[in-house]
Amino acid sequence: MEPSVNKLQTSLGRIMLQSPITVASGTFALDNLKIVEQNFLGAFVCKTITRHPKKGNPPPRLFETEAGLLNSIGLQNPGLDKFIAEDLPVLKEKLDVPLIVSFSGSSYAEFAEMLETLEKQEGIAGYELNVSCPNVENEGIAFGVNPDIVHQLCKQLAPLTERELIVKLSPNVSDIGMIAKAAEEGGATAISMINTVWGMAINYQNGKSMLQKGIGGYSGIGIKPIALALLYQAAKVIHIPIIAMGGIYKWQDALEFFWAGASAISLGTANFIDPLAVQNVYAGINAFLQERNITLSDIVGKYELE
Amino acid sequence: MSKPIPLYIKREIYSSTELTGNYFVLRILDEELALKCKPGQFFELRAAKMETDCSLPKLFKPISIYDVTKVIISFLIKKRGSGTNSLSKSTTTDLLEMIGPLGNGFPIVSGRNVLLVSGGIGYPPLSYLYKELIAQNQIYWIHGGGGSNDVFPCNEVWTIDGSYGNKGMVTENLENILTEKKIDLIYSCGPIPMLKECFRKASKLNIEQYCSLEAYMACGIGSCYGCAVPIGKNDQWNYLRVCQEGPVFNAEEVLWNLL
Ligand SMILES: Cc1cc2nc3c(=O)[nH]c(=O)nc-3n(C[C@H](O)[C@H](O)[C@H](O)COP(=O)(O)OP(=O)(O)OC[C@H]3O[C@@H](n4cnc5c(N)ncnc54)[C@H](O)[C@@H]3O)c2cc1C
Ligand SMILES: Cc1cc2nc3c(=O)[nH]c(=O)nc-3n(C[C@H](O)[C@H](O)[C@H](O)COP(=O)(O)O)c2cc1C
Ligand code: FES
């Protein structure tokens, strides 16, 4: 008999993943492992943390549209110190898969300070930089919308770590390829994309917005074609691995993203719609690869233009 | 980490009963699950046929536990939008997707003079609570609804249109009830304005009170932070999750002005 090979194995630069399925920051916590078996996961990405605690936005924070979800959570989190003291030990104890810590800062120095603090902790395989926070040094525009700022940020952070350095890109930009390239040239070892798309919903009867904040982040099924197109554009110009997300719900969706160039995928909103999404997507991809007797790497980036 | 506990399950619907005024009762049969339930807890529910009914499956909906007997768990639900409507269309042999039991539940007491205040679809969790408290406590229950279609068995009914019971808001005569019945503990569940008014009146008399809050939910298990409400004291507060730290909160700790 052939020695059993894991057809789903993939790598993110410096880390090997036994499964190409990860979870999108902010949508999956340890409690989800009361429902889903973690050995279907390639890596666990925690909710974004910031230097100081953040209360988040006033409710209502959620609204489900015809095809996807609007949220304005506002990065509610306990802050770096409490994360390290209380959450990290539990994550390290409970997780058997690599832990990727998502964090965000408001200045280059804050990003660097957070990274240096996290570097002193064991049990972290990589970082995902959420560059959606406003950058105080650049008139409050988000880090992630400007290639020069993304480049600067990566250049400052890359020398500080041997761990995987992932930059998470926002779709709300005019040229995603330029930003992905800026991250790569700055020293990022992987890209994850996409974060939520700006969206809004209004109660047609009384004119009130469905979220207290008005505009929120749109995720889920409705953003899949957007995410796929942006991935395709970014994959054309960079050589580092990409973790793709945005509306992936079924295994068939995941395969589309692999063809388009993703080395791994993340499930976000899908976890709310199908509590067993991680398992179900894994099983589907596995069956597909087994049936054709190919491995994941045989299809990554092998899309063809009709 | 050990194998996941069965928090997410699919069960056949044992019965579905239409009531007046857009309400219906769903029942499922599961002795093991019934043993785990506590008053004030809820389930995230979805009609399994939602997956085939519409091309796009939607979020689960939080629904309180209405009643638990030895083997049967019941839910009293009002048709409000697509989620609850599709639940109402499920019949026996259809599957119900369930996540739960979730949330903290009401504190169970004994030897107290208890007032239950419910409004609209705030009735079901208090009904289950009533059953658990009645042997050990004196209970008086007031319920308010829009009209005669929104009333359920209790001691005193209020309707906004006056079509049944007393005309007005359920909290209208609250001060008198509190003193006459020597109430020392209140449990409430209903619309925010009702809960606010109940708190405003009862807190003047320093009466201990617990309320069950509603929030729009995505995960129901504490991972998305979508259901957060402001809880704490003065400037020492934070957004806590209705699905995890709630849905029952000490009314004194809810920052009502921020809701
Ligand atoms: C802990 C908890 C326990 C509950 N218990 C029960 C119960 O026992 N029986 C019952 O009938 N209902 C209960 N509800 C309310 C129920 O969850 C909502 O009515 C339901 O989610 C509506 O979903 P829908 O898809 O039918 O309507 P939608 O189309 O989602 O909504 C219809 C309207 O209701 C509003 N709405 C929807 N969900 C909520 C919410 N959670 N809070 C405030 N407004 C909302 C929407 O903005 C919209 O205006 C409970 C809610 C919570 C949080
Ligand atoms: C409720 C919710 C919370 C989120 N929180 C974060 C977060 O803290 N950090 C982050 O980088 N992205 C966050 N996101 C974005 C997701 O990680 C993901 O990029 C996005 O939802 C697109 O993927 P999806 O369509 O599979 O959900 C959040 C999304 C949702 C729905
Ligand atoms: S609904 Fe997700 S945290 Fe409560």
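General remarks:
Conditions (1) aliphatic (A, V, I, L, M); (2) under 27 Å from residue B:200 (Cα atoms), marked per residue:
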| position | (1), (2) |
| --- | --- |
| B:81 | no, no |
| B:92 | no, no |
| B:96 | yes, no |
| B:102 | yes, no |
| B:115 | yes, yes |
| B:121 | yes, yes |
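- Screening residue B:171 on (1) in a loop (DSSP other than H, G, I, E, B); (2) surrounded by fewer than 24 Cβ atoms within 10 Å (Cβ to Cβ); (3) more than 16 Å from ligand 2 (Cβ to nearest atom) shows it passes everything except condition (2).
- Restricting B:220, B:226, B:190 to residues that are within 16 Å of ligand 1 (Cβ to nearest atom), within 14 Å of chain A (Cβ to nearest Cβ), of a type in the set (Gly, Ala, Ser) and under 24 Å from residue B:108 (Cβ atoms) narrows the list to B:220.
- Candidates in the range A:263-284 are the residues that are closer than 20 Å to residue A:232 by Cα and in contact with a helix residue (DSSP H, G or I) (Cβ under 6 Å, 6 or more places away or on another chain); of these, the one that is farthest from ligand 3 (Cβ to nearest atom) is A:265.
- Residue ID - farthest from the other protein chains (Cβ to nearest Cβ), chosen from residues in the range A:197-223 that are of a type outside the set (Gly, Ala, Ser) and open to solvent by less than 40 Å² (accessible area, probe 1.4 Å): A:197
- Residue list for the range B:1-20, filter: away from chain A (no Cβ under 14 Å), touching a strand residue (DSSP E or B) at 6+ places or on another chain (Cβ under 8 Å) and not in a strand (DSSP E or B): B:19
- Looking across A:260, A:264, one residue alone is over 14 Å from the mean Cα position of the chain (by Cα) and buried (at least 19 other Cβ atoms within 10 Å of the Cβ). It is A:260.
- Restricting attention to the range A:228-244, the residues that are open to solvent by 10 Å² or more (accessible area, probe 1.4 Å) and in contact with a Lys or Arg (Cβ under 9 Å, 6 or more places away or on another chain) total 2.
- Of the residues A:25, A:19, the single one that is in a loop (DSSP other than H, G, I, E, B), under 25 Å from residue A:197 (Cα atoms) and more than 8 Å from chain B (Cβ to nearest Cβ) is A:25.
- Residue B:178 falls short of the stated requirement of being open to solvent by 20 Å² or more (accessible area, probe 1.4 Å), over 19 Å from the mean Cα position of the chain (by Cα) and either over 17 Å from residue B:107 (Cα atoms) or touching a residue at least 40 places away in the same chain (Cβ under 8 Å) (or both).
- Every residue from the range B:216-243 that is open to solvent by 20 Å² or more (accessible area, probe 1.4 Å) and more than 14 Å from ligand 2 (Cβ to nearest atom): B:233, B:234, B:235, B:236, B:237, B:238, B:240
- Residue in the range B:201-215 that is within 9 Å of another protein chain (Cβ to nearest Cβ), open to solvent by 30 Å² or more (accessible area, probe 1.4 Å) and within 24 Å of residue A:53 (Cβ to Cβ) present: no
- When B:46, B:80 are screened for being within 14 Å of chain A (Cβ to nearest Cβ), open to solvent by 50 Å² or more (accessible area, probe 1.4 Å) and away from ligand 2 (no atom under 16 Å from the Cβ), only B:80 passes.
- Selection status of residue A:142, within 19 Å of the chain's Cα centre (by Cα) and under 15 Å from residue A:169 (Cα atoms): yes
- Any hit, the range B:38-59, residues being under 19 Å from the mean Cα position of the chain (by Cα) and more than 27 Å from residue B:226 (Cα to Cα): no
- Checking each residue in the range A:33-49 for being open to solvent by 10 Å² or more (accessible area, probe 1.4 Å), within 7 Å of chain B (Cβ to nearest Cβ) and within 19 Å of the chain's Cα centre (by Cα) picks out only A:38.
- Residues that are of a type in the set (Ser, Thr, Tyr), open to solvent by 40 Å² or more (accessible area, probe 1.4 Å) and more than 18 Å from residue A:8 (Cα to Cα) are absent from the range A:292-299 altogether.
- Exclusive hit being polar (S, T, N, Q), assigned to a helix (DSSP H, G or I), modelled with pLDDT under 95 and farther than 30 Å from residue B:147 by Cα, set B:93, B:52: B:52
- Residue within the range B:11-20 that is farther than 24 Å from residue B:150 by Cα, in contact (Cβ under 8 Å) with a residue 12 or more places away in the chain and within 16 Å of ligand 2 (Cβ to nearest atom) present: no
- Residues of the range B:133-168 that turn out to be over 17 Å from the mean Cα position of the chain (by Cα) and either in a loop (DSSP other than H, G, I, E, B) or surrounded by fewer than 21 Cβ atoms within 10 Å (Cβ to Cβ) (or both), as a count: 22
- Pairs where the first residue, in the range B:206-220, is under 14 Å from residue B:196 (Cβ atoms) and assigned to a loop (DSSP other than H, G, I, E, B) and the second is more than 7 Å from ligand 1 (Cβ to nearest atom) and among the hydroxyl-bearing types (Ser, Thr, Tyr), C-beta under 8 Å, 6+ apart: none
The values are calculated or read from the model by the stated rules, or taken from the named source; none is laboratory data. Quick caveat: nothing in here was measured; it's all calculated off a predicted structure. Using ideal geometry, Cβ is built from the backbone for each residue, glycine included, and neighbour counts are taken over all protein chains shown. Heads up: the accessible areas ignore ligands, DNA and RNA and are worked out on the full protein's heavy atoms, side chains in. Shrake-Rupley method; radii C 1.70, N 1.55, O 1.52, S 1.80 Å.
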